[in-house]
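Structure, as structure tokens:
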Amino acid sequence: MFLVLVIVIVISLILVMVRALLGPTLYDRLLAVNSAGTKVVILIAAYGFLTGRPDFVDIALLYALINYIATIAVLKFFEYGDLGSGGYQEDDL
Amino acid sequence: MLKRNVQQRHRVVQVITKFLIPMILLFAFYVQFHGDFGAGGGFQAGVVFASVFILHGLIFGEARTRLVLTPNTLRVLMSLGLLLYAGTGVVSLLLGGNYLNYSVLLSNPVSGQHWGIFVVELGVGITVAAVMVSLFYCFSSKRNFVGHISHPIDENELNSDG
Amino acid sequence: MNVDAIVIENIIVMVLLTLLIVVAVGIIMLNDLLTAVILSGLYSLLSATVFVAMDAVDVALTEAAVGAGISTIILLGTLSFTKRIQKPQEHNNYVALVIVCITGGALIYGTLDLPSYGDPNSPANSNPQLAQHYLTESKKEIDIPNVVTSVLASYRGYDTLGETAVVFTAGIGVLSLLGLRRRRRKEDPLLTEKQQRKQQNEDN
Amino acid sequence: MLLVDIVSGVFIFVGCLFVFGGAVGLIRMPDFYTRLHAASVTDTGGLLFITIGLVLQAAFVFDNPAAAIKLTLTIIFLFFTAPTASHAVAKAALMANITPQCQNGKSVVDESLNSLYSDKGKDLSAVLMPVDPPEIMSNFAESKAESELNNKDKST
């Protein structure tokens, strides 16, 4: 069961990577990398079960949080050309 | 480039980030103090801790992050972590052991090792977090006087690449 | 664990390593630097998966935190100092290609002499004085379940002290080059007067 | 024990279908927004089903409640972050004037609005571009011309 899961995720990872390398626009690549991040989270979680020691789900948890930061950073750089500007703050809170 | 207009508001991202920031902080502390029992340790925890402040700087503007964690605090923290590490060694020297031999810190050598590792990992975490956040401060404010103004990004230029 | 499972794990690691090579070639071929940054994030995702598959959990955690998060952000910060599109290449570097290929071939030839992954007869594993001591005596001497932490912080405390000093020195170096002082921005209108005064004091 | 294996197996199988379908969709779909749709399937559906299966396995087969709790936390966090990231990407793409396309190359928005408004005589451009349509269009045209110039420079 876990073996099938891991193989399916690795195959999907290859497909997503093709999109990340081909992607006509930057947004396609970013979307593909973001989606690959989700797949890697599942893959790391499932790999522990495959080897019979599901103790290292910490890494999956960390990825779930860090992947978001990277995506937001790329988008902010792409929109503003600057990482530190208060551009997202135009809205009143 | 498009003119900034009404669409350019990121309320969803802001709200979710407000929810996420305490969670990531909590996870950083977990990685820091649970490193003895599972994966993790000072270096990883410092990086995760720094990424919280980087996320705040990305979403709410770097100026506001500087109010929370001022550059002067960062300078102090950066040195404090290293001093904490080196000072542990000095303390163990003064107590009659070798440099960085934690067994002499307490009467029981095993719990002395526990406390030594705890303090040392804390020092590593503080230094790494402070260095990472100050790197973000440095790189996030681009200087126009370096030589050229960063050109506006053109999507069509992107579409035309090979 | 039976032999089939080991073979399957090896196949999975091989596939992931192949994907790493493909992503690396993709990063070289593209001339858009922002895309290269995004793909390097994908690269570190995959390499962390390889580390998990090889049971190096602490390294995988570091790769997850540093490679995917911080290094992407710092590379983006570097991009804001430069241009986004790589300069077009004007001449062909075939000589450099030949030299790089020879060097890479020599390195790969050198790795053939290394002990294979997880070999119990390798010098590092069969030497009773050091590695076996760490693995067996750590329970008695330090009593921490994670041997990696006990080796890093206690047995090899000098090394970690040196690493921390390196991180500190790198931070000091970047600070002395770029500076922490805030670039003059348009004042944030939502801050109170007191906060604005505080910012101006910091600038001066 | 057998019951848990069956239930979690079904969950993981459904999740695998979601993940694989999302990956194939990411390759096959014609334009960015449809690909976004396909990727979101992986982020939510696939993740949810697979992780529920893994939680069941961790809690009842592997006897590891800590792993089950961490996996549950992973579900919660990814359910907050992944749709937000997708939202941010979609918004940025919309801001960059990437319009939804259908297979014959025309804009979906154009077609649907044409079928809605063509007989009623409303102004199409006002509906499509709510803010400053002439300015946006002129900027877009300028940037297009610039990029063509750049392409010529590259080719020569």
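The values are calculated or read from the model by the stated rules, or taken from the named source; none is laboratory data. Predicted model only: the values in this text are computed from it and were never measured. In this analysis, Cβ positions are derived from the backbone assuming ideal geometry, glycine residues included, and neighbour counts consider all displayed protein chains.
Here are some notes:
- Filter result (within 7 Å of chain C (Cβ to nearest Cβ) and more than 16 Å from B:Leu82 (Cα to Cα)) within region B:31-43: B:Gly35, B:Asp36, B:Phe37, B:Gly38, B:Ala39, B:Gly40
- With respect to (1) surrounded by fewer than 20 Cβ atoms within 10 Å (Cβ to Cβ); (2) farther than 19 Å from A:Ile42 by Cα; (3) under 16 Å from the mean Cα position of the chain (by Cα), the lone exception for C:Thr18 is condition (3).
- Just one of the listed residues (C:Thr72, C:Thr62) is at the interface with chain B (Cβ under 7 Å from one of its Cβ atoms) and assigned to a helix (DSSP H, G or I), and it is C:Thr62.
- Hey, B:Leu58 surrounded by 15 or more Cβ atoms within 10 Å (Cβ to Cβ) and more than 14 Å from chain A (Cβ to nearest Cβ) or not: no
- Any hit, region B:82-95, residues being within 23 Å of C:Gly67 (Cβ to Cβ) and touching a helix residue (DSSP H, G or I) at 6+ places or on another chain (Cβ under 8 Å): no
- Residues that are under 29 Å from the mean Cα position of the chain (by Cα) and either at pLDDT 80 or above or loosely packed, with under 10 Cβ neighbours inside 10 Å (or both), drawn from region C:124-144: C:Ala124
- Scanning region D:77-99 finds no residues that are in a helix (DSSP H, G or I), closer than 30 Å to A:Phe49 by Cα and touching a Pro at 6+ places or on another chain (Cβ under 9 Å).
- Contact annotation: residue pairs with Cβ atoms under 6 Å, 6 or more positions apart or on different chains, pairing a residue in region A:59-71 that is aromatic (Phe, Trp, Tyr) with a partner that is assigned to a helix (DSSP H, G or I), are A:Tyr63/A:Val41; A:Tyr63/C:Ala64; A:Tyr68/D:Thr81; A:Tyr68/D:Ala85.
- When residues of region C:1-48 are limited to those that are assigned to a loop (DSSP other than H, G, I, E, B) and more than 10 Å from chain A (Cβ to nearest Cβ), the one modelled with the highest pLDDT: C:Asn31
- Criterion (surrounded by 24 or more Cβ atoms within 10 Å (Cβ to Cβ), at pLDDT 85 or above and in contact with a Leu (Cβ under 7 Å, 6 or more places away or on another chain)) met by exactly one of A:Ile72, A:Ile14: A:Ile72
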